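Report on the following structure.
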Amino acid sequence: MAARERLICASAALVEGGDGVRFEVAVYDGQAAAFAVRHGGRVRAFLNRCAHVPVELDWQPGRFFDLTGAYLICAMHGAHYDPGSGRCVMGPCKGRSLAALAVTERDGQVFVVEGDDGQQRQA
Ligand code: FES
């Protein structure tokens, strides 16, 4: 299956450890909420769905990082996720992971990678 890219945002919209950008992706059963953040200089993207209970993580729209900017945090019960891997390192779903999405960045823009059927690619 060929891949195609869809623009999410300008690179400048994602600051290291700062607010994320929310977007929608197509999944097998419809649309799903997703988000992108910058961590370690790279853009990381995940489904916006906690590994504990399938609720969105952000405590305010686009606020995914904890106050230190080191971990992604779920607003519901405080699960902490490694922004690099999406793995829960503290909280009720420790050891489980967010669903990582394939993204690419070039020429000052960030793209999500999809199959030619419009379905989301996992990272
Ligand atoms: S729903 Fe995210 S930690 Fe419980």
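The values are calculated or read from the model by the stated rules, or taken from the named source; none is laboratory data. This structure is a prediction, so every number in the text was calculated from the model and none was measured. Note that we place each Cβ from the backbone using ideal geometry, even for glycine, and neighbour counts take in every protein chain shown. To get the accessible areas, we keep the full protein, side chains included, count just its heavy atoms, and leave off ligands, DNA and RNA. Shrake-Rupley method; radii C 1.70, N 1.55, O 1.52, S 1.80 Å.
Within region 17-35, the presence of at least one residue that is in contact with a helix residue (DSSP H, G or I) (Cβ under 8 Å, 6 or more places away or on another chain), part of a strand (DSSP E or B) and either open to solvent by less than 40 Å² (accessible area, probe 1.4 Å) or not basic (Lys, Arg) (or both) is confirmed.
Every condition in (1) within 15 Å of the ligand (Cβ to nearest atom); (2) over 17 Å from Ile8 (Cβ atoms); (3) of a type outside the set (S, T, N, Q) holds for Phe46 except the one numbered (2).
If the condition is being under 22 Å from Val113 (Cβ atoms) and among the hydrophobic types (A, V, I, L, M, F, W, C), then region 52-82 contributes Leu57, Phe64, Leu72. Condition check for Ala79 on (1) surrounded by 13 or more Cβ atoms within 10 Å (Cβ to Cβ); (2) under 14 Å from the mean Cα position of the chain (by Cα); (3) farther than 16 Å from Thr104 by Cα; (4) of a type outside the set (Val, Ile, Thr): one failure, at (2).
Does region 64-73 contain at least one residue that is in a loop (DSSP other than H, G, I, E, B), within 14 Å of the ligand (Cβ to nearest atom) and in contact with a His (Cβ under 7 Å, 6 or more places away or on another chain)?
Filtering region 64-73 for residues in a loop (DSSP other than H, G, I, E, B) gives 64, 66-71.
Then drop every residue that is not within 14 Å of the ligand (Cβ to nearest atom), which leaves 64, 66, 71.
Next, from what is left, pick out any that are in contact with a His (Cβ under 7 Å, 6 or more places away or on another chain): 66, 71.
Yes, region 64-73 has at least one match.
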